[in-house]
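A short write-up of the structure that comes next.
The values are calculated or read from the model by the stated rules, or taken from the named source; none is laboratory data. Bear in mind the structure is a predicted one, so any value in this text is a computation, not a measurement. As a convention, Cβ positions derive from the backbone with ideal geometry for all residues, glycine included, and neighbour counts pool all protein chains shown. With ligands, DNA and RNA removed, areas are computed over all heavy atoms of the protein, side chains included. Shrake-Rupley method; radii C 1.70, N 1.55, O 1.52, S 1.80 Å.
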Amino acid sequence: MLEAMRNASKTWLAKLLLAVLVLAFASWGITDYLSPSGRAPAITVGKVAYPDQMIRDQFVTQLNALRAQGLEMTTEQAVQAGLMDQVAVNIVRDLVYSQAIDLLGLRASDEIVRRSITMNPDFFGPEGRYDRGTLQNYLRQRGLSEGAFVENVRNQHAREYLLAPLAARVQYPDMGVRSYSTFLSERRAGEVLLVDAARLPAPKTSEASDADLRAIYERNIEAFTTPELRRASLLFVSGKDVEGEIEVTEADLRDFYDAHQDSFASPQRRKVRQSLFPSREQAEAARSAIAGGQRLEAATTGAGGSGPFLLGALSFADLPDSVARPVFSQPVGVVGDPLRSEMGWHLFLVESETPARQRSFDEAKADVRVAVVETRIPELMRERAMAIENELGGGASLEEAGALFKAPVISVVTDIQGRDRDGKPVTALPEDAGLLRDLFAMSEQDTGMLTEFDGGYYAISLTDVTPATPKPLEAVRDQVLALWAAETRVTRARALGEALLEKARAGESFARISRSSPETRDIAFGPASRLSVRPGAETSTNSVLETRGATPDSLPILDAVFETKPGEIALVQLPQGAALVRVSEVLPPDPTQARVERETVRSYLDGSFARDIARQFDESLARTVGYSISRDRLEKIVLQEF
């Protein structure tokens, strides 16, 4: 059904709805993007003012995520780098979409939401199909109610419906595709003389002066620096800490069972085998052969189909809408009429059937008790967290609050990557990057508020900070010497490349130079196009328009190949040495390969075109809704100058 919605959104009707949306928003007026004043609120979209604290929270979350990836920066540096502006843009976009959805009354049906949840592999149980218990565990771990989760899914589908027209295939003009692909598919042939630093003799360490080593050490000081370490006490509130306190009466179990009987029911299931055919005619031919006495296997092969495949014991909800009802209507042991789906034409054989069954209260009692406990754990954890928070607010230490409520408190020493002094993982830390982000955003001697995470709640008390400390040069002398040797080899390889360039320009062939210089390799290439992976390799259909699909050393070589005139020789500096490039021939695109490469270019340009249209849609819709962003106010919020 969701697919049907998406297909419908590509029609003229969906385009008309978007036009109505823009006209409806036009009455709201347009507000300037930036307001120079510092008046609150910082962000307003339509008639909605976004809370300051939520802006601050989103900024801190993004900044901590960057820090967790090893990008150390202060709040001021992050603002200068544009992080604050990006957070503001994301907030405006989300609010614009939400208001558009509300205004149009877009709402995914209960059926769409149900299928979205029950067909999500994240909620499959051990048997490989939807399992309500798995969903309940997911919700419990995240402290979500089922109602809130369902609404989140419904809103996500509504947003997809709003944006679905932008997902329709967008095509770049064919003339542009042909022109660009012709340019990229031009072929060149020639040879490359590689001067490989690794082939040069290793320099003697006695040649390295103290000044040389000091310069390399200072240039690579980050590699020789012990990262900042933080010692902290961590308090945790988890489900296992509170579940033993939960008392469940017989009446509680009965009430829960009565309210959730569908959770303890097994739907009707049919063991199904299917064959798949490219056309209806082939499926009907196989069906006729079966009516004449052939088995499904022989009839499928004879009609040019594939299968039969055992699909297993399926419920009605496990099958696509187009085939579910017919499959559950046909008799057991009989091959039904041909049915069509997006995959082609099917013949289904129902081998057996298991009727629907409702487990009695006594049969399900143990599972009911587990479910009741699981539903109460989040609330009990929240109550425990609030009680601990009150103790901390009253001046208690983390250790005192933990002892009072029997909440475990541990001490750790860690860097921002979760490693100890020896670079080993701190196993006591939970698998939650938010804890480390919070820890490294704190000031020394601070105790943070309890924070919710997948496993419950945590609170941090930062004891002390050991700043990042460079190791003494003498302690890393061997590593510095290795760097000096590698750099010296590259320098000498590049100098050799300069000398060999003179020889080549004087008329000496690459082959002869290579024979007399063991540090070099002579590689013939081509015909190679700009879409080749690298000279000397087979032509690839992978797009290299952005990444060039090549190793770092081959990128400058590839550039030189298409910048050098035939007969000329170019010198290219490489990370591992140098290369001489000579182009001997320029050829037009290969007709067969050019067609493949043209599709690669078309895919790239279509994608770029679609992204550009989506960006313009966002900007136009936001201007139509009307929004304002006060940059002065934003800076005060993220810099905590309320």
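Could you grab me the full set of residues in segment 401-447 that are part of a strand (DSSP E or B) and either in contact with a Phe, Trp or Tyr (Cβ under 7 Å, 6 or more places away or on another chain) or of a type in the set (Gly, Ala, Ser) (or both)? Step through it out loud before you land on a result.
Initially, segment 401-447 is screened for residues part of a strand (DSSP E or B), giving 409-414, 419, 425, 447.
Scanning segment 401-447 gives a single hit, Ser411.
Name the residues in segment 150-189 that are part of a helix (DSSP H, G or I), charged (D, E, K, R) and closer than 19 Å to Leu531 by Cβ, would you?
Our first condition is that a residue be part of a helix (DSSP H, G or I); within segment 150-189, this holds for 150-167, 174-185.
With charged (D, E, K, R) added as a condition, the list becomes 151, 154, 159-160, 174, 178.
Once the filter is applied, which keeps residues that are part of a helix (DSSP H, G or I), charged (D, E, K, R) and closer than 19 Å to Leu531 by Cβ, segment 150-189 yields Asp174, Arg178.
If Arg357 satisfies all but one of (1) surrounded by fewer than 16 Cβ atoms within 10 Å (Cβ to Cβ); (2) farther than 18 Å from Leu235 by Cβ; (3) in contact with a Leu (Cβ under 6 Å, 6 or more places away or on another chain), what's the number of the condition it fails?
Only one criterion is unmet by Arg357, namely (3).
Could you check segment 604-618 and list, in sequence order, the residues that are of a type in the set (Gly, Ala, Ser) and either in contact with a Phe, Trp or Tyr (Cβ under 8 Å, 6 or more places away or on another chain) or open to solvent by 50 Å² or more (accessible area, probe 1.4 Å) (or both)?
Answer for segment 604-618, where residues must be of a type in the set (Gly, Ala, Ser) and either in contact with a Phe, Trp or Tyr (Cβ under 8 Å, 6 or more places away or on another chain) or open to solvent by 50 Å² or more (accessible area, probe 1.4 Å) (or both): just Ser608.
Taking segment 243-278 as the search range and keeping residues that are touching a strand residue (DSSP E or B) at 6+ places or on another chain (Cβ under 7 Å) and of a type in the set (D, E, K, R), which one is most open to solvent (accessible area, probe 1.4 Å)?
Lys271
If a residue must be of a type in the set (Gly, Ala, Ser) and open to solvent by 60 Å² or more (accessible area, probe 1.4 Å), how many such residues does segment 190-215 contain? Don't jump to the end; show me each part of the working.
Of the residues in segment 190-215, the ones of a type in the set (Gly, Ala, Ser) are 190, 197-198, 202, 206, 208-209, 211, 215.
Cutting the leftovers down to open to solvent by 60 Å² or more (accessible area, probe 1.4 Å) gives us 198, 202, 206, 211.
Count: 4.
Do we find that Gln136 is at pLDDT 85 or above and either more than 30 Å from Ser630 (Cβ to Cβ) or open to solvent by 60 Å² or more (accessible area, probe 1.4 Å) (or both) in this structure? Before you say what the answer is, go through the steps one by one.
On the way: at pLDDT 85 or above: no; either more than 30 Å from Ser630 (Cβ to Cβ) or open to solvent by 60 Å² or more (accessible area, probe 1.4 Å) (or both): yes.
Considered against the rule, which asks whether it is at pLDDT 85 or above and either more than 30 Å from Ser630 (Cβ to Cβ) or open to solvent by 60 Å² or more (accessible area, probe 1.4 Å) (or both), Gln136 comes out as no.
Name the single residue, out of those in segment 222-276 being assigned to a loop (DSSP other than H, G, I, E, B) and among the charged types (D, E, K, R), that is farthest from the chain's Cα centre (by Cα). Before you say what the answer is, go through the steps one by one.
Initial filter on segment 222-276 (assigned to a loop (DSSP other than H, G, I, E, B)): 227-228, 246-249, 260, 267-268.
Remaining after also requiring among the charged types (D, E, K, R): 228, 247.
Details: Glu228: 28, Glu247: 42 Å.
Going through the qualifying residues, I end up with Glu247.
Can you find, within segment 170-183, the residue that is surrounded by the most Cβ atoms within 10 Å (Cβ to Cβ) among those that are modelled with pLDDT of 85 or more and hydrophobic (A, V, I, L, M, F, W, C)?
Val177
Using beta carbons and a limit of 9 Å, which pairs, at least six apart or on different chains, have the first residue in segment 372-391 and closer than 15 Å to Ser145 by Cβ and basic (Lys, Arg) and the second one assigned to a helix (DSSP H, G or I) and open to solvent by 50 Å² or more (accessible area, probe 1.4 Å)?
Arg376/Glu243
Just one of the numbered conditions (1) more than 30 Å from the chain's Cα centre (by Cα); (2) farther than 30 Å from Ala504 by Cβ is not true of Phe617; which one?
(1)
Inside segment 464-512, can you point out the residues that are farther than 30 Å from Glu444 by Cα, of a type in the set (Ser, Thr, Tyr) and open to solvent by less than 60 Å² (accessible area, probe 1.4 Å)?
Thr488, Ser509
Can you pull out every residue in segment 190-212 that is without any contact (Cβ under 8 Å) to a residue 40 or more places away in the chain, assigned to a helix (DSSP H, G or I) and either charged (D, E, K, R) or in contact with a Ser or Thr (Cβ under 7 Å, 6 or more places away or on another chain) (or both)? Talk me through it step by step, then tell me what you get.
Within segment 190-212, the first condition is being without any contact (Cβ under 8 Å) to a residue 40 or more places away in the chain, and the residues that meet it are 201, 204, 206, 209-211.
In the following step, the residues that additionally are assigned to a helix (DSSP H, G or I) were identified as 206, 210-211.
The answer is Asp210, and nothing else.
Return a yes/no flag: does segment 216-229 have any residue that is farther than 30 Å from Glu389 by Cβ, open to solvent by 30 Å² or more (accessible area, probe 1.4 Å) and touching an Asp or Glu at 6+ places or on another chain (Cβ under 7 Å).
In the first step, residues of segment 216-229 are kept if they are farther than 30 Å from Glu389 by Cβ; the result is 216-227.
Checking the rest, the ones that are also open to solvent by 30 Å² or more (accessible area, probe 1.4 Å) come to 218-223, 225-227.
If we keep only those that are touching an Asp or Glu at 6+ places or on another chain (Cβ under 7 Å) too, we end up with 227.
Yes: one or more hits.
Considering each residue of segment 82-140, count those that are within 30 Å of Leu634 (Cα to Cα) and of a type in the set (Gly, Ala, Ser), and give that number. Break it down into steps so the answer makes sense when it comes.
In the first step, residues of segment 82-140 are kept if they are within 30 Å of Leu634 (Cα to Cα); the result is 82-103.
Then keep just the ones that are of a type in the set (Gly, Ala, Ser); that gives 82, 88, 98, 100.
Result for segment 82-140: 4.
Kindly indicate whether any position in segment 450-462 is surrounded by fewer than 13 Cβ atoms within 10 Å (Cβ to Cβ) and of a type in the set (Ser, Thr, Tyr).
No, every residue in segment 450-462 fails to be surrounded by fewer than 13 Cβ atoms within 10 Å (Cβ to Cβ) and of a type in the set (Ser, Thr, Tyr).
Among the listed residues Asp337, Asp362, which satisfies the condition of being farther than 12 Å from Arg273 by Cα and outside any helix (DSSP H, G or I)?
Working: Asp362 fails: outside any helix (DSSP H, G or I).
It is Asp337.
If I ask for residues that are of a type outside the set (Lys, Arg), over 15 Å from Trp345 (Cβ atoms) and surrounded by fewer than 18 Cβ atoms within 10 Å (Cβ to Cβ), which ones from segment 312-326 would you list? Spell out the reasoning first.
Quick first cut of segment 312-326, residues of a type outside the set (Lys, Arg) only: 312-324, 326.
Then keep just the ones that are over 15 Å from Trp345 (Cβ atoms); that gives 312-319, 321, 324.
Correct list: Gly312, Ala313, Phe316, Ala317, Asp321, Ala324.
Check Ala285 against each of (1) within 18 Å of Lys271 (Cα to Cα); (2) in a helix (DSSP H, G or I) and name the one condition it does not meet.
So Ala285 meets the others, but not (1).
Condition first: surrounded by fewer than 19 Cβ atoms within 10 Å (Cβ to Cβ), touching a residue at least 12 places away in the same chain (Cβ under 8 Å), over 16 Å from Arg154 (Cβ atoms) and under 22 Å from the mean Cα position of the chain (by Cα). Now tell me which residues in segment 86-122 satisfy that.
Matches in segment 86-122: Gln86, Asn90, Arg93, Asp122.
Can you tell me how many residues in segment 186-218 are closer than 11 Å to Ala485 by Cα, within 41 Å of the chain's Cα centre (by Cα) and β-branched (Val, Ile, Thr)?
Going through segment 186-218 one residue at a time, the tally reaches 1.
Here is a list of conditions, (1) over 17 Å from Pro527 (Cβ atoms); (2) open to solvent by less than 40 Å² (accessible area, probe 1.4 Å); (3) more than 36 Å from the chain's Cα centre (by Cα), and Leu571 meets all of them except one; can you say which number that is?
In the conditions (1) over 17 Å from Pro527 (Cβ atoms); (2) open to solvent by less than 40 Å² (accessible area, probe 1.4 Å); (3) more than 36 Å from the chain's Cα centre (by Cα), Leu571 misses (2) alone.
Within segment 288-304, track down each residue that is in a loop (DSSP other than H, G, I, E, B), among the small types (Gly, Ala, Ser) and open to solvent by 30 Å² or more (accessible area, probe 1.4 Å). Give the steps one after another, and end with the answer.
At the first step, the residues of segment 288-304 found to be in a loop (DSSP other than H, G, I, E, B) are 292-295, 303-304.
Filter again for among the small types (Gly, Ala, Ser), leaving 292-293, 303-304.
Matches in segment 288-304: Gly292, Gly293, Gly304.
Could you tell me which numbered condition Ser238 fails, if it satisfies all but one of (1) within 30 Å of Ala441 (Cα to Cα); (2) open to solvent by 60 Å² or more (accessible area, probe 1.4 Å)?
For Ser238, the exception is condition (2).
In the set Arg273, Arg269, Arg295, Arg280, which member is within 30 Å of Val372 (Cα to Cα) and basic (Lys, Arg)? Steps first, answer last, please.
Working: Arg273 fails: within 30 Å of Val372 (Cα to Cα); Arg295 fails: within 30 Å of Val372 (Cα to Cα); Arg280 fails: within 30 Å of Val372 (Cα to Cα).
Going through Arg273, Arg269, Arg295, Arg280 in turn, the sole match is Arg269.
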